[in-house]
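One structure is given below, encoded as C-alpha cells.
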Amino acid sequence: MTIPEPNGVHAAWLPPEAFRAIGSRRTLVCGDGLLADTVRAEVSWACARHGGGLTDEPADLVLALSTARPLPAAAARLAGREEPGEQGFVLARHDGVTVVLADDPAGLLHGFFHLVRLGEAAFGAARPAETHRPAMRRRMVDHWDNVAVHPVMGQVERGYAGGSIFWADGAARGDLTRVRAYGRLLAACGVNAVAVNNVNVHATEAHLLTDRLGDVAAIAGELRPYGIRVHLSVGFTSPVVLGGLPTADPLDERVREWWAATTERVYETIPDFGGYVVKADSEGQPGPFAYERTHAEGAGVLADALAPFGGVVHWRAFVYNHRQDWRDRSTDRARAAYDHFQPLDGHFRDNMILQVKHGPIDFQPREPVSPVIAAMPTTRLAVEFQATQEYTGQQRHVCYLAPMWREVLDFRPWGPDGRAVADLAGDLVAVSNVGDDPYWTGHPLAQANLYAFGRLAWDPRLDPAAILDEWIDLTFAPAPEPPRGTLHALMDGSWRTYERYTAPLGVGFMVRPGHHYGPDVDGYEYTPWGTYHFADRDGVGVDRTRASGTGFTGQYPRPWSDVYESVERCPDELLLFFHHVPYGHVLHSGSTVIQHIYDTHFAGAEEVAESRRRWAEAAGRVNPALHARVRELLDEQLRSAEEWRDQVNAYFFRKSGVPDACGRRIF
Ligand code: BDP
C-alpha cells in the first residue's frame, strides 16, 4: 500500500518528521489482514525516511495482534494478562522493547498512531502495561457535502473550506488520493466512521443509495485501509423517489421490502457499510409524520433493513416546526426534540441510534446541554457537535471548540454524583469542517477542532490544552521552535472570546439570517424560526421557566430543572437562555446585565486585537504562507469582532437608555 503523502497540499498533522521516533527503529509487525498491512506499510514508509527497518528478528518495537502465531516473546508476556478489548490496545515497554498488543486490527492501528503521538517518549524508560480503549464506540464525522453544487447552499452546506473532498462535477472525484490522506488523518486522531453526504438529501444525492452506489463504494475503498466505515444520508421518501412506490409509509409491506432489498444491494457492494443517517420531518425534509407514523416506526423500517448486516441507523433528533408563530410564546423550539422523542423511549430498535445535537436549539456558541440526552434511558444515543463553524465564526475566526465540547461531555444531568454526558453517549459525531482547501479547513488553526474532536471521542477526559499541545507537536513541531505560547494564547480561550463579542449570556441567534455570519441584532426576531431574544426597553431574554414561560426547564431532571428555573441560581452564561430579565438585573459576577454586555463586548474585541499582535510576532517561526493566511484571517476577525461589539452595544444602549458606566464610546 502507498502511504498518501500530502502532495501539493499543505500538511495537516502527520508530517513525515512526526514519524522519526518510529522510523529510526527496528520494528516487528505481527498479524494479518488489511489494517495490519496498513500498519506495516506505515512503519516501512517511516523507516524509509528515518533509517530504521521492518524486521523478523528481535526488535526495538513490536506491534502485534494477540491472535498472531507465533507471538513474539515481548508481546506474549502481555497476552492473557491484559485485555485490550474491541478497538483497544495495550502499551508497555520492558527490557528495551516497546510493545503494542491489540485484539483486533483496529486496535493495532490506533496503537500505532498513539506511538506516533508519543514520539521518543515511547522509547525511553520502562513502562508498565497500560490499556487504552475508546470511550465511544463510534467516532464519526458527518459531511454536509452535496454531490452537485446546490444553487443556494453551494457544494458543502455550511462549509467554509472550499468544495467537497469527495465530490466534484456531480460525481465522486476521479482522483481520490486526498480521500485516502483524509482517512489517515482521521485514523490518527481516532475517528472511525464518516457519512459522505448532506443530511439534507437533494435529488442527485438521493441516487447514491441505488444507481450511484458505485461512487460511495469508491470512497469506502479509499477509507477502508484506515479502518473508517462509510455511512450514507438517505431520504425518508426514497421508496417513492427512487423506487417508484406510491408511498413511503413505514408500515406498508412494499416499503419494508424496498428498504430490505435496497439495503441488501448496498451490502453486496460495500460489505463493511456502516449504515444510514436520517434527517426527517425537519426543515423541509420528509418524514413519518406525513403518514401519521411515529419516528420510532419511521426509524424501525430502516433499522430492520440494516440489522441482518450489522448496520445502524443514526436518526437525528433535530425535529422541529420551523414555521412557528413569533407572536405565540407557548411554542418553543428548545422544547421540540424532547417533546417528540422522550415519549418514544423504549420503542426504538437496538440498531437505531438517536443522534442529538448537544444543545436544544442549534449549535449556538452557548447553549445548555440538550435535555434529550438524559431522557432516553433505553435508547442508544449519539451526541452531535458542529466542527464546521457555522455559528462560531465560519473558519474566519479562531474558535477552538474543545473547551466547549469538554463542558458538554462533563455535564451531569442528575447532579455531581450522577453520570455525565460522556457516559450516556455511545457515539460522538461532528459535522465536518473539512473541504478541498489547501489547509483542509480554510482557517489553518481550525484543523485543531477536527483533531480535538477525534481525541475527545476517544477519551472525553482529555484536557483541551493538552490536546492542543498534541496537535501543535504533530503539526508544527518539526520546526525547531514551534510558536507554542502564541498558539495557546490565540486558541485556548478563543471560544470564550468569541462568546464575549457575539450574542450575550446565552441568548443566541443575533446573526445575519441565511448565511449566519456577522451580527444582525434583530435578524431573526420576527421570523418563524423559533429563535428570539425578546429585547425591549425594559429587558431581554427568553422566559423558559415553568412558572411563567415555556416550561422548558421542566424537561431537565433535578437539580438542573430547579437551577435553571430559578433566576437567582441560573448560571450567568445561560441567564438569557432561560429568563427574561431587566437590564439592571445583577449577575453573580456583580455586574448588571447591561454593563456585562458592554464590558464583554469591549473585552472580546480587544482580545482579538491582542491575538493579532501576538501572531504578528510569530512571523518567521512558522511557514510563511501559513503565517500570511492566518494574519489575513485575523484582520477579518478583528473587523468582524468590532462590528459585533458596536452593533450589539449600540442596540442595547438604545433599547435600555442606560449609559456605559465606564463612559466608553458606544455608537
Ligand atoms: C442548521 C444548519 C442547516 C442544517 C441543520 C441540520 O443551518 O444548514 O441543515 O442545522 O442540522 O444548523 O440539519
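The values are calculated or read from the model by the stated rules, or taken from the named source; none is laboratory data. Only a predicted model underlies this, so the values are computations on that prediction, with no experimental measurement involved. Quick reminder, even Gly has a Cβ in these numbers, built from the backbone with ideal geometry, and neighbours come from all protein chains shown. Ligands, DNA and RNA are stripped out before the accessible areas are found, and what is left, the full protein with its side chains, is counted by its heavy atoms. Shrake-Rupley method; radii C 1.70, N 1.55, O 1.52, S 1.80 Å.
Beta bridges assigned by DSSP with both partners in the chain are antiparallel in approximately 30 percent of cases. Scanning residues 5 or more positions from Ser24 or on other chains, those with amide H under 5 Å from its amide H are Gly52, with H placed 1.01 Å from N in the peptide plane.
Database remark: amide H of Val149 closer than 5 angstrom to the amide H of Gly170 (H placed geometrically; neighbours at sequence offset of 5 or more, or on other chains; Pro and chain starts carry no H). The distance linking region 152-203 with region 629-659 is 33 Å (Cα centroid to Cα centroid, whole angstrom). The average projected area of region 327-379, computed from the convex hull of its Cα atoms over all directions, is 4.3 nm².
In the context of the full protein assembly, Lys279 retains an accessible surface of approximately 10 Å², using a probe radius of 1.4 Å and ignoring ligands and nucleic acids. Placing +1 on each Lys and Arg Cβ and -1 on each Asp and Glu Cβ, with no other charges, gives the chain a dipole about its Cα centre of roughly 780 debye. In summary, no helical segment of the chain meets the span-like criteria, namely a full DSSP H run, a Cα extent along the axis of 18 angstrom or more and a mean Kyte-Doolittle hydropathy of at least 1.6.
Shown here: region 156-315, whose C-alpha atoms stretch 44, 32, 27 Å along the first, second and third principal axes, sorted largest to smallest.
What the Cα convex hull of the chain gives, in volume per residue, is 157 Å³. Across every direction, the projection of the convex hull enclosing the Cα atoms of region 282-419 has a mean area of 10.6 nm². Dipole size of region 478-608 about its Cα centre, with +1 on Lys/Arg Cβ and -1 on Asp/Glu Cβ: approximately 280 debye, rounded to the nearest 20.
Considering only Ile228, Gly163, Pro250, and ranking their Cα positions along the charge dipole of region 125-268 that arises from unit charges at the beta-carbon of Lys, Arg, Asp and Glu, the one farthest toward the positive end is Ile228.
The trypsin sites (Lys or Arg not before Pro) found in region 1-101 that occupy coil by DSSP, while having at most 15 further C-beta atoms within 10 Å, are Arg81. Descending by average beta-carbon neighbour count within 10 Å, the peptides 31-37, 359-365 line up as 359-365, 31-37, the highest first. Taken about its Cα centre, region 114-205 carries a charge dipole of about 440 debye when Lys and Arg each add +1 at the Cβ and Asp and Glu each add -1 at the Cβ.
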